[in-house]
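Contents: one structure, followed by commentary.
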Amino acid sequence: MRRIPLTAWIGLAIIALNLAALLFGPLLAPFGEEDILGGPFDPATALNWFGLDQNGRDMLSRLLFGAQMSIGVSLAASLLSFSVGLPLGFLAALRGGWVDTVLSRLVDTIMCVPVLISALVVLQALGSSLPVLIVTIALLDSTRVFRLARILGQGINVMEYAEAARLRGEGAWWLIRKEILPNAAAPLIAEFGMRFCFTFLFVAGLSFLGLGIQPPYADWGGMVKDNQQGILYGLYAPLYPAAAIALLTIGVNLVVDWLLAGRTRPQGEGR
Amino acid sequence: MSDILTIRGLRVEAPDGTVLVHGIDLDLKTGEVLGLIGESGAGKSTIGLAAMGWGRGGCRIAGGTVAIGAQTVTGERSAGRAKLRGARIAYVAQSAAAAFNPALTIGRQVLEGPKHHRSMGKAEARAWMLELFRALDLPDPEHFGDRYPHQVSGGQLQRAMVAMAMSCRPDILVLDEPTTALDVTTQIEVLALLRRLIQRYGTAALYITHDLAVVAQIADRIQVLRHGKPVELGPTEQVLAAPREDYTRRLVGERQASLAGEPRRHEGGAELLAVDGISAAYHKVPVLSDVSLSLRRGETLAVVGESGSGKSTLARVITGLLPPTAGSVRLDGQALPASYTARKRDLLRRIQLVYQLPDVALNPRQTVGEAIGRPLGFYFGLKGREQKQEVARLLGLIGLDPDFAGRLPGALSGGQKQRVCIARALAAKPDLVICDEVTSALDPLVAEEILRLLRRLQDELGVAYLFITHDLGVVRRLADRTAVMQRGRVVEQGPTEEIFTPPFHDYTGRLLASVPELRRDWLDQILAARATA
């Protein structure tokens, strides 16, 4: 096994920290999610390490509770978008012809409306419940996964080893699972890391508009919004959830970089 | 004459510390041509680039000195080295198509050197370019420079690259396999022009190639290399006629064998494959017209021709990858559906294909065992232990240890990969194996082994080969019968011996005459013969 570089260790540590918050957040939190302990934006004390938020709730506790919502929703949405986008993208690449045309034009149609607007419409119409939120984000995101999977699949499908498998008489399932997927893994992992972070920010953005995770549940994006007026008074309050988002984004990207090191080749190398 | 290029104790390392080239000493006199010969990985190109003070892909010159005339290249920093490149020492790459910028005219790219180095005025540079174009026999030299790279042929583009290298009147040319990517008939022209050019302007040259017969025509001395170390250095006549080292003897021996060749004779059984009046087209551009072939069980039919003759397209039609526009293909008298998607699994099994490039023919994420085992499971339902045993048996058949089954293709050499591809084809127990240029991407000694393996397997298994190649040496050693293709048509077809004994068909004769021979005076004779004809 090759040596794990320092940056990857940092990334892994950050992810482990967030994973712990995701799994055990509510247990670790010193106070309840909705407990009001003092005045708005009270400064940090020995009990309330990060101080209180705009409603006088403990910032640290809300961050820990929020981990579940924010990370959970993003992870679920990213996984769902990949499980929809990947097979369809590979299938479009493999089959070509009308399958490709129909799927691709459908995706183009969805993509030509800005994601935020599509999401706003759907969430307004169907109400902003958690499952609706996750599925909406996932489906909108899967268009991008589809495009990537399709182009990767097309590139691999013309390789001679894929041709050999087709000439052997292999079906689509084998081709996707054994010939295309393993060879598309590197860029897909990178895309997953990025999609996860984007989804995270997207959820935060929706929360910011009041369409994401609804109060009183804590989520990091919503917490940035709720505490934003603190910035005007030179308070740290909104920086904590913002830092949590940034930290996780950096952590995921550090790990993705490490996973990709040595697995990717610049295009045209070894001509 | 004085030494124009002096290399002493050259050592080049890859970024991970691997030593690519070690302990190389070279001297090149003004006007002299030194051939660098070796198989892939011998460090030929690395030395050629190091002579310009350059390491490709992060490689660095870790030791030794390179001097051009009185100037030490290795003593210069990168700006100083850049001043030498193009001006005093210039490079000609193997693939002209990849070396030219497709968005700029050829003339502009040829004039780039003089402009950059400010070595001559605009008018002078242009006059010199036209002189070079004329010396290189390029068509319409006045306007050749106005064309874009895609508007000229491969041979012309290769010559244009030579003109580009000569544009600053360098003292030294580094020629890195300049004719390898060309067809044999084109190769002669480029070779002859190169030689004339070097003689006329007294340019010294490092001529890098893996083909001894090519270097014999142009080099004064030959340096044989292996694994980045020098093997043997001597005058061309001596290295070819009386090689001192064992490795050189093997190289020369292989080249001679490939030219002599001993014909094959299989009785052949019933007709296995019948190609009947096939025409095919890519996007309405006709590639094959009215091609008919016949192949009997257990024999080898070679299809030869230059690039663009349609021989690979023929393979695609037979395998069903490209449905023909007319004609039919029959296997054992049974008509094959035009597209492979309409063929039954057992029909697919009976025709297997081995590709030219083993690197892309094997899935880099599947182990050798998986690659060979899949057809066994897919066609015969072999699983678990049975499959493993059969894989081991097949590996034995192609001369690899059973523990290769656990390796990924990345851990294999080119020759080993091609063996695995052959084993994968054989795993299907086919009646017909189509070999599409299977030895072209391999080093001569490795290619020789693969050919021997293919012959042995045919004797043991009685499989029939359709052998597609441009290498006439391969044909003579392997094929019972031969079909010669030119521009999508079969121009001649018959037993290999007959095809290769005079009187020749017009085109066959030209192809045969174009294969370089291992004599110094071969090119002169060819040129003289052409002049009289």
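The values are calculated or read from the model by the stated rules, or taken from the named source; none is laboratory data. Since the model is a prediction, treat every value here as computed from it, not as a measurement. Every residue, glycine among them, receives a Cβ derived from its backbone with ideal geometry; neighbour counts consider all protein chains shown. We work out accessible area using only protein heavy atoms, side chains counted, and drop any ligands, DNA or RNA first. Shrake-Rupley method; radii C 1.70, N 1.55, O 1.52, S 1.80 Å.
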Tally the residues that are aliphatic (A, V, I, L, M) and more than 12 Å from B:Leu212 (Cβ to Cβ), restricting the search to the range B:242-254. 1
Please verify whether B:Gln94 is modelled with pLDDT under 90, within 14 Å of another protein chain (Cβ to nearest Cβ) and either over 26 Å from B:Thr180 (Cβ atoms) or open to solvent by 50 Å² or more (accessible area, probe 1.4 Å) (or both), treating the condition exactly as stated. yes
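Within the range A:45-63, can you find the residues that are farther than 18 Å from A:Pro216 by Cα and open to solvent by 60 Å² or more (accessible area, probe 1.4 Å)?
Answer for the range A:45-63, where residues must be farther than 18 Å from A:Pro216 by Cα and open to solvent by 60 Å² or more (accessible area, probe 1.4 Å): A:Thr45, A:Ala46, A:Leu47, A:Trp49, A:Phe50.
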Looking for whichever is more than 30 Å from B:Ile37 (Cβ to Cβ), open to solvent by less than 10 Å² (accessible area, probe 1.4 Å) and among the aliphatic types (A, V, I, L, M) here; the options are B:Leu461, B:Leu432. Which one fits? B:Leu432
Lone unmet requirement of (1) outside any loop (DSSP other than H, G, I, E, B); (2) within 28 Å of B:Ile7 (Cβ to Cβ); (3) of a type in the set (A, V, I, L, M, F, W, C) for B:Ile188: (2)
Mind telling me which of the residues B:Val231, B:Val215 ends up being surrounded by fewer than 21 Cβ atoms within 10 Å (Cβ to Cβ) and in contact with a Phe, Trp or Tyr (Cβ under 7 Å, 6 or more places away or on another chain)? B:Val231
Residues of the range B:491-510 classified as out of contact with any strand residue (DSSP E or B) (no Cβ under 7 Å at 6 or more places or on another chain) and surrounded by 12 or more Cβ atoms within 10 Å (Cβ to Cβ), total: 6
Subset of the range B:339-396 [open to solvent by 40 Å² or more (accessible area, probe 1.4 Å), assigned to a loop (DSSP other than H, G, I, E, B), within 26 Å of B:Ile468 (Cα to Cα) and not charged (D, E, K, R)]: B:Gln356, B:Leu357, B:Pro364
Filtering the range A:229-251 down to residues that are modelled with pLDDT under 80 and within 28 Å of A:Gly193 (Cβ to Cβ) yields A:Pro238
Long-range neighbours under 8 Å by Cβ, at least six apart or interchain, first residue within 13 Å of B:Leu432 (Cβ to Cβ) within the range B:340-361, second outside any helix (DSSP H, G or I) and open to solvent by 70 Å² or more (accessible area, probe 1.4 Å): B:Arg349/B:Lys429
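Okay, residues lined up against (1) without any contact (Cβ under 8 Å) to a residue 40 or more places away in the chain; (2) more than 30 Å from the chain's Cα centre (by Cα):
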position	(1), (2)
B:Gly53	yes, no
B:Gly57	no, no
B:Gln71	yes, yes
B:Gly86	no, no
B:Tyr91	no, no
B:Ile106	no, no
B:His116	yes, yes
B:Leu157	no, no
Let me confirm something: among A:Ala185, A:Ala162, which residue is touching a residue at least 60 places away in the same chain (Cβ under 8 Å) and within 10 Å of chain B (Cβ to nearest Cβ)? A:Ala185
Would you call B:Gly202 open to solvent by 20 Å² or more (accessible area, probe 1.4 Å), within 20 Å of B:Asp27 (Cβ to Cβ), in contact (Cβ under 8 Å) with a residue 12 or more places away in the chain and not basic (Lys, Arg)? yes
Out of the residues in the range B:11-27 meeting the condition of being touching a Ser or Thr at 6+ places or on another chain (Cβ under 8 Å) and buried (at least 18 other Cβ atoms within 10 Å of the Cβ), tell me which one is nearest to B:Thr72 (Cα to Cα). B:Leu26
Subset of the range B:364-398 [over 16 Å from B:Ala428 (Cα atoms) and either within 14 Å of chain A (Cβ to nearest Cβ) or in contact with a Lys or Arg (Cβ under 7 Å, 6 or more places away or on another chain) (or both)]: B:Pro364, B:Arg365, B:Gln366, B:Thr367
Find the residue count for the range B:351-370, including only residues that are under 26 Å from B:Ser289 (Cα atoms) and either at pLDDT below 90 or not hydrophobic (A, V, I, L, M, F, W, C) (or both). 3
